[in-house]
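Engineer: This structure is in structure tokens; I'll ask about it shortly.
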Amino acid sequence: MRKGLWLTTALVLVSVLAGCGNKNDSNGGAASQASPSGSAPAPASASPTPSQEASGSAAVKKIVVGTGTQFPRVCFIDENGKLTGFDVELVKEIDKRLADYEFELQTLDFSNLLLSLETKKIDFVAHEMEKNPEREAKYLFNKEPYAHWRNKIIVAKDNDTIDSLDDLVGKKVLTSATSAEAQILENYNKSHDKKINIVYQSGAANDTVAQVASGRVDATLGADFTLSLIDPKGQLKTTGDDLSEADILFVFRKDDPDSQRLSDAVDGAIKEIKADGTLGKLSKEWLGQDYTSDDAK
């Protein structure tokens, strides 16, 4: 190669590399980046390679996080019209600690969250999702739990006739479709001749309280920390033994390498947030006490 041609080529290559970067553009996207070998730029959606991760040159990947607006203190719209709550603020904290990702929260009806995950409208679900065998068969859960809860029967404060699932046979029990509590009721009906009358709803928590307190339905099921959040006036009570207990995790698409990488990254951030006390602080702030481990009572 002639010396002049070699110099020209080198100068062009230096100019190209100097003009590339990995910062977000004004629309929240990521600028493409040329590889050191001069090959075509990788698309912004491509997963970072180990060498990119080591050099810090990977493009920031946008992640859409599905959540709801009807769960008081967990994911809800406050008096200022702001989406907030325990799960929402935790997602924001995780986002701060993952430089390779940019999270965008998208609100959906609870019953549409898992379907939206399956159809790739969102990338993971943040809505106090309990891990159970039925869900685990269809979805990927991250490994590091951010809360732990126990499901119980909830009835009107003056109702002393219900103490177990057997006591709910023939009675109306309110629950949300696709919820872990709905799965408990559905599993009971599959294994018993006499059935519980399951009433599905997608309304707000205050409607649940009103329906149970007024006797329009006989009971509902809920996590141990739920009652004080949805029923500040004390119209309801929990009854009987724990129906189940489970870790609370985020839900991702199964058999998807990008989802697995994202799940692993989220696990790393949660471990940090636990270790420095931030997770327990968020739980106490939003849920009233620390529900972030299986020692929570």
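The values are calculated or read from the model by the stated rules, or taken from the named source; none is laboratory data. In this text the structure is predicted, and so the values were computed from the model without any measurement. Here the Cβ positions follow ideal geometry from the backbone for every residue, glycine too, while neighbour counts run over all protein chains shown. Only protein heavy atoms, including side chains, enter the accessible area calculation; ligands, DNA and RNA are left aside. Shrake-Rupley method; radii C 1.70, N 1.55, O 1.52, S 1.80 Å.
Engineer: What residue, among those in the range 94-146 that are of a type in the set (Asp, Glu) and over 15 Å from the mean Cα position of the chain (by Cα), is nearest to ASP247 (Cα to Cα)?
Structural biologist: Residue satisfying both the conditions and the ranking: GLU134.
Engineer: Within the range 247-281, track down each residue that is open to solvent by less than 10 Å² (accessible area, probe 1.4 Å), over 28 Å from ASN151 (Cα atoms) and small (Gly, Ala, Ser).
Structural biologist: SER259 - this is the single residue of the range 247-281 that is open to solvent by less than 10 Å² (accessible area, probe 1.4 Å), over 28 Å from ASN151 (Cα atoms) and small (Gly, Ala, Ser).
Engineer: What's the number of the only condition in (1) touching a Phe, Trp or Tyr at 6+ places or on another chain (Cβ under 9 Å); (2) part of a loop (DSSP other than H, G, I, E, B) that LYS143 fails to meet?
Structural biologist: (1)
Engineer: Return a yes/no flag: does the range 115-127 have any residue that is among the aliphatic types (A, V, I, L, M), surrounded by fewer than 17 Cβ atoms within 10 Å (Cβ to Cβ) and in contact (Cβ under 8 Å) with a residue 40 or more places away in the chain.
Structural biologist: Scanning the range 115-127 turns up no residue that is among the aliphatic types (A, V, I, L, M), surrounded by fewer than 17 Cβ atoms within 10 Å (Cβ to Cβ) and in contact (Cβ under 8 Å) with a residue 40 or more places away in the chain.
Engineer: Checking the structure you have, find out if any residue of the range 123-138 is farther than 25 Å from PHE86 by Cβ and part of a strand (DSSP E or B).
Structural biologist: no
Engineer: Within the range 282-297, take every residue that is open to solvent by less than 80 Å² (accessible area, probe 1.4 Å) and not in a helix (DSSP H, G or I) and give me the one that is farthest from THR67 (Cα to Cα).
Structural biologist: ALA296
Engineer: Out of all the residues in the range 204-221, which are in a loop (DSSP other than H, G, I, E, B) and either at pLDDT 95 or above or under 16 Å from GLY170 (Cβ atoms) (or both)? Outline the logic, then answer.
Structural biologist: Step one: filter the range 204-221 for residues in a loop (DSSP other than H, G, I, E, B), giving 204, 215-218.
GLY215, ARG216, VAL217, ASP218 - these are the residues of the range 204-221 that are in a loop (DSSP other than H, G, I, E, B) and either at pLDDT 95 or above or under 16 Å from GLY170 (Cβ atoms) (or both).
Engineer: What number goes with the only condition from (1) farther than 22 Å from GLN260 by Cα; (2) open to solvent by less than 20 Å² (accessible area, probe 1.4 Å) that ARG73 does not pass?
Structural biologist: (2)
Engineer: Something else now. Of everything in the range 166-202, what is assigned to a loop (DSSP other than H, G, I, E, B), within 22 Å of TRP149 (Cα to Cα) and open to solvent by 30 Å² or more (accessible area, probe 1.4 Å)? Give them in sequence order. Give the steps one after another, and end with the answer.
Structural biologist: First pass over the range 166-202, keeping only residues assigned to a loop (DSSP other than H, G, I, E, B): 170-171, 177-179, 191-195, 202.
Okay, now just the ones that are also within 22 Å of TRP149 (Cα to Cα), so 177-179, 202.
Hits for the range 166-202 are ALA177, THR178, SER202.
Engineer: Oh, and also: Scan the range 87-102 and tell me whether some residue there is open to solvent by 10 Å² or more (accessible area, probe 1.4 Å) and assigned to a strand (DSSP E or B).
Structural biologist: Within the range 87-102, one or more residues are open to solvent by 10 Å² or more (accessible area, probe 1.4 Å) and assigned to a strand (DSSP E or B).
Engineer: Another question, if that's okay. Name the single residue that is modelled with the lowest pLDDT among those in the range 50-59 being of a type outside the set (Ser, Thr, Tyr) and open to solvent by less than 30 Å² (accessible area, probe 1.4 Å). Walk me through how you get there before you give the answer.
Structural biologist: First, the residues of the range 50-59 that are of a type outside the set (Ser, Thr, Tyr): 50, 52-54, 56, 58-59.
Retained after the next criterion (residues that are open to solvent by less than 30 Å² (accessible area, probe 1.4 Å)): 58-59.
Working: ALA58: 61, ALA59: 89.
Here the residue is ALA58.
Engineer: Which condition from (1) under 25 Å from ASP207 (Cα atoms); (2) of a type in the set (Phe, Trp, Tyr); (3) under 14 Å from the mean Cα position of the chain (by Cα) is the one that TRP149 breaks?
Structural biologist: (3) is the only condition that TRP149 fails.
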